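Okay, so here's the structure we're looking at.
The values are calculated or read from the model by the stated rules, or taken from the named source; none is laboratory data. Everything quoted here is computed from the prediction, not taken from an experiment. Virtual Cβ from ideal backbone geometry, glycine too; neighbours counted across all protein chains shown.
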Amino acid sequence: MAKTLYDKIWDSHVVEETETGECLIYIDRHLVQEVSSPQAFQGLRDAGRKVHRPTASLAMPDHAMPTTPDRLHKIDDPEARAQLAALIEYTNEFEVPYIELADRRQGIVHIVGPEQGFTLPGTTLVCGDSHTSTHGALGALAFGIGTSEIEHVLATQCHIMRKSKTLRVTIDGALPLGVTAKDMALAVIAELGTAGGTGHAIEYAGEAIRSLSMEGRMTLCNLTIEAGARSGMVSPDDITFAYIKGRPYAPSGDDWERAVGYWRSLATDPDAVFEQEVVVKGEDIAPRVTWGTSPEDSVPITATIPKPEDFADPDKRKAVERSLEYMGLTPGVALQDLQIDRVFIGSCTNGRIEDMRAAAAIAKGRKVADGVGAMVVPGSGLVKQQAEEEGLDVILRDAGFEWREPGCSMCVGINPDRIDAGQRCASTSNRNFEGRQGRGGRTHLVSPGMAAAAAVTGHLADVRDLN
Amino acid sequence: MEKFSVLTGVTAPMPMVNVDTDMIMPKQFLKTIKRTGLGISVFYDMRYDETEAERPEFILNQDAYRNSKILIAGRNFGCGSSREHAPWGLLDFGFRCMIAPSFADIFYNNCFKNGILCITLSEEQVEALTAQADGSDFTVDLEKMEITAPDGSVTPFDLDPTRRHNMLNGLDDIALTLERLDKIKAFEAKQQAEQPWLYT
C-alpha cells in the first residue's frame, strides 16, 4: 500500500501497539534545554531511575541565557543561574552529552540539532519545546513534548501516543521576489487557523517547497505548531542530503551511502493518500505581517488593519476586538503607517545564516531609524561565526543593530531581552501572543528582511520597496 | 499520580477562544526548577494589574470562584508553548478538570500526565454548561463518564479508554513502560543492525 513519509517513519518506530490504538513509539533523538528539563531529571532522581540511553540525548542551555557578551561570568538573574546549574548537574549525573554555554556550538536547540547532524531523516525526535516541529524539515518525525513526557523519554527512550491524521499542504508555483518561507508559513497558518492542524501531522509538498533551502524548510516546519499540528515535515531529497553530509553526527564512510539509500525510500509515495489536503498558490503569497495576538492573524503588508465585523464567527470577533485593543490598533489604518519601537531578528524560526544574510542585505548602507532599538541574535555560535566570516556583523553593527550572543532571547522573553509595555516590535519570532515578548508588548511577526526594513524605515514596511 | 474518580466543585467559566499557555503561565514563571508553587501565578496578566493587585473583574478573583476545581473554556484551549508549567499552575491553584470544545494537543497530554482530566464537549454543550457556572457545584464522574450540572442535568462525555484507566487508577506511565523493557531492547537491536549510524 502506498504510504506517506509520516506513515513510514511511524511504522518503523512502533515498539508496541495496544488494542485501543495507543502506541509505544521509539524515540531516536532527544534535545534537552534548561527550562523544560530540570523537573524531569528531578523526577528520575526521586524515583531512583536512570536514563535509558544517554547518548540519544543532547543538552544545551538556550531559553533563559542572556545574550550579552559578558554572560559567561555574569548571569544576573538567580533563577536563570539555578536553571543553568541544574542542567549542568543533571546532565553530568545522568551522563547526557552537554554543550556548554562557552562552547561555540551552543545555541537554540532547534538550530543546533540540524547543524550538528544530530537531526537525521527517518528519525523520531522530541524536545520539551513546541517548536521541535522544526526538525521535520530534514524528513524526521519531530514534535514537542511536556516535562512529564521528557521524563518518560529519558527513562524509557519511548513516547506514548496515538497515530495522527495526515494533512498535506501543497504550495505550488514559484514564490515572488521578496517572499520567504516565513511568509509562506504565515499564509498557511492564516489559511488553516491556529487550531486547523490539531491532531494532524503536516507534510509540506509542491514546487515552492522543493525549491526552498534547508534553512527555509526549517522556518516553515518550525511554525507548524502555530497551526496546531505538532509535527510538520518535508520528504528528504538531494537538498536535504547535501545539507547533512559532513556534519559531526551524520553518518560517514560506507554508512553514508547506505543511509542515503534508506532516506530516499522515505519520501511519500506518489499515490499515497492524505486524510486532508490544502493547496496554496505560491505566486499569490506576498510578504506578510501579523496584526493581532494569534499567529493566524496575518495579512499582506500592503493591507489595512481589519475590522471586527469582517469576521463571521462571534467568538473570533470578540477575540479580534480584544486583540485590537491590546495591540493599540484602529481598523482601516494601513499597516505600513504603524511606527515601531523595537526590532528583533533571531529565534528558532529565523536565526539561521540565511536569515542573517537577508537582514544584512537590507541593512547594508542604511541606518536604523531614530528611536528604534534593533537587535540581531544569531541562533547558534556557529551561525554567529559564519556571519562574522561573511562580514554580516559589521554591516549590521554599522547600520546600528546590536549583534548579540546566541539564544532564544526576545522570542520568549525568559532572559533579560524584552520589550516594554506599549512598545511595538517587528519580530522574526513565532508568537505574537499577549505579553509574549514582555508584558504589554505588541508583537508583529515578519520575515528577517521585513524586520530589517522596519528597522531602517521606523515603521512596518514592504521589503520589496527596499530591495 | 493522584487517582481521579469523582470530583465535585465550583466551575469557573472562561468563554474565550485560543487561550494560550503564555496566558495561562507567563514567561517569568518558567524559571522555577520545581513543579509546585505556581498556583498563585496562573493567568497572571489577566489576574493581576501592573501593581500586582488583583483585577476584580477577573473570574478567579471573585469570591464565588476562588476555590474553583473545574474550568470551562472556549475552543483550542492551551494552544502555543509546550510548557508544563501551565498545567502545574492550574493544578496548584486547585483545578482537576478542564472542559472545552477543543484543546491543543501538547497541553491536553500534559494535563493528563498531572492528573488533570480534560473533557471535550460540543460548542453547544459547553455553552449550556457555561450558563450554569454561577459558583454552584458541578460533579464530574469519571467512572460513569458524566457531568452533573447544578440544575441536575447530566452531560455524558467520551474519553480514550487508556487515559481513563490510568486516571482512575493513578498509574505511572514510566513504570508501565519499563515493564516493556525487553521489547524496547529488541527494537534497539533490530534498528542498530539496520541503521548503525544511529548508534555511533
Residue within the stretch A:250-264 that is at pLDDT 95 or above, in a loop (DSSP other than H, G, I, E, B) and within 30 Å of A:CYS411 (Cα to Cα) present: yes
What is the one condition in (1) of a type in the set (D, E, K, R); (2) touching a Phe, Trp or Tyr at 6+ places or on another chain (Cβ under 9 Å); (3) over 28 Å from A:ALA190 (Cβ atoms) that A:ARG442 does not satisfy? (3)
The stretch B:175-196 residues that are more than 8 Å from chain A (Cβ to nearest Cβ), paired with ones that are assigned to a helix (DSSP H, G or I) (beta carbon under 6 Å, 6 or more apart): B:GLN192/B:TYR199
Evaluate the stretch A:196-207: report whether one residue or more is part of a loop (DSSP other than H, G, I, E, B), modelled with pLDDT of 95 or more and in contact with a Leu (Cβ under 7 Å, 6 or more places away or on another chain). yes
With respect to the numbered conditions (1) in contact (Cβ under 8 Å) with a residue 24 or more places away in the chain; (2) farther than 29 Å from A:THR132 by Cβ; (3) assigned to a loop (DSSP other than H, G, I, E, B), which one is the sole condition not fulfilled by A:ALA455? (3)
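Test A:LEU58 against the criterion of being touching a Leu at 6+ places or on another chain (Cβ under 7 Å) and under 18 Å from A:SER409 (Cβ atoms), and give yes or no.
no
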Enumeration of residues in the stretch A:394-445 that are more than 19 Å from A:ASP341 (Cβ to Cβ), without any contact (Cβ under 8 Å) to a residue 60 or more places away in the chain and either assigned to a loop (DSSP other than H, G, I, E, B) or out of contact with any Pro (no Cβ under 9 Å at 6 or more places or on another chain) (or both): A:VAL394, A:ILE395, A:ARG397, A:ASP398
Quick one: B:SER82 ticks every box in (1) more than 10 Å from chain A (Cβ to nearest Cβ); (2) small (Gly, Ala, Ser); (3) assigned to a loop (DSSP other than H, G, I, E, B) except a single one, so which number is it? (1)
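Here's a check for you: in the stretch A:52-64, which residue that is assigned to a loop (DSSP other than H, G, I, E, B) and surrounded by 24 or more Cβ atoms within 10 Å (Cβ to Cβ) is farthest from the other protein chains (Cβ to nearest Cβ)? Before you say what the answer is, go through the steps one by one.
Going through the stretch A:52-64, the residues assigned to a loop (DSSP other than H, G, I, E, B) turn out to be A:52-53, A:60-64.
When the remaining residues are screened for being surrounded by 24 or more Cβ atoms within 10 Å (Cβ to Cβ), the result is A:60-64.
Working: A:MET60: 17, A:PRO61: 12, A:ASP62: 13, A:HIS63: 7, A:ALA64: 6 Å.
Once the filter is applied, the top-ranked residue is A:MET60.
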So which of B:ILE116, B:ILE147 ends up being closer than 16 Å to B:VAL6 by Cα, surrounded by 17 or more Cβ atoms within 10 Å (Cβ to Cβ), in contact (Cβ under 8 Å) with a residue 40 or more places away in the chain and of a type in the set (A, V, I, L, M)? B:ILE147
Cβ-Cβ under 6 Å, sequence separation 6+ or interchain: first residue in the stretch A:9-33 and touching a residue at least 60 places away in the same chain (Cβ under 8 Å) and at the interface with chain B (Cβ under 7 Å from one of its Cβ atoms), partner in a strand (DSSP E or B) and acidic (Asp, Glu). Which pairs? A:LEU24/A:GLU16
Would you check if there is a residue in the stretch A:219-233 being surrounded by fewer than 24 Cβ atoms within 10 Å (Cβ to Cβ), within 19 Å of A:ILE145 (Cα to Cα) and in contact with a helix residue (DSSP H, G or I) (Cβ under 7 Å, 6 or more places away or on another chain)? no
Out of curiosity, is A:GLU203 of a type in the set (Asp, Glu), within 12 Å of chain B (Cβ to nearest Cβ) and over 28 Å from A:THR55 (Cβ atoms)? no
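Looking at B:VAL154, is it within 30 Å of B:ASN61 (Cα to Cα), more than 12 Å from every other protein chain (Cβ to nearest Cβ) and in contact with an Asp or Glu (Cβ under 6 Å, 6 or more places away or on another chain)? Outline the logic, then answer.
Values: within 30 Å of B:ASN61 (Cα to Cα): yes; more than 12 Å from every other protein chain (Cβ to nearest Cβ): yes; in contact with an Asp or Glu (Cβ under 6 Å, 6 or more places away or on another chain): yes.
When the stated conditions are applied, B:VAL154 passes them.
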Residues satisfying the stated conditions in the stretch A:86-126, i.e. part of a strand (DSSP E or B) and more than 13 Å from A:ALA140 (Cα to Cα): A:TYR98, A:GLY107
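Could you say which residue among A:ALA2, A:ALA80, A:ALA40 is out of contact with any strand residue (DSSP E or B) (no Cβ under 7 Å at 6 or more places or on another chain), closer than 28 Å to B:TRP197 by Cβ and surrounded by 18 or more Cβ atoms within 10 Å (Cβ to Cβ)?
Details: A:ALA2 fails: surrounded by 18 or more Cβ atoms within 10 Å (Cβ to Cβ); A:ALA80 fails: closer than 28 Å to B:TRP197 by Cβ.
When all the criteria are applied, what remains is A:ALA40.
Going by the structure shown, is A:ALA272 within 12 Å of chain B (Cβ to nearest Cβ) and among the small types (Gly, Ala, Ser)?
no
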Here are some residues: A:ILE150, A:ILE75, A:ILE171. Which one is outside any helix (DSSP H, G or I), surrounded by 22 or more Cβ atoms within 10 Å (Cβ to Cβ) and within 14 Å of chain B (Cβ to nearest Cβ)? A:ILE75
Please give the number of the condition B:GLU50 fails out of (1) loosely packed, with under 12 Cβ neighbours inside 10 Å; (2) more than 10 Å from every other protein chain (Cβ to nearest Cβ); (3) not polar (S, T, N, Q). (2)
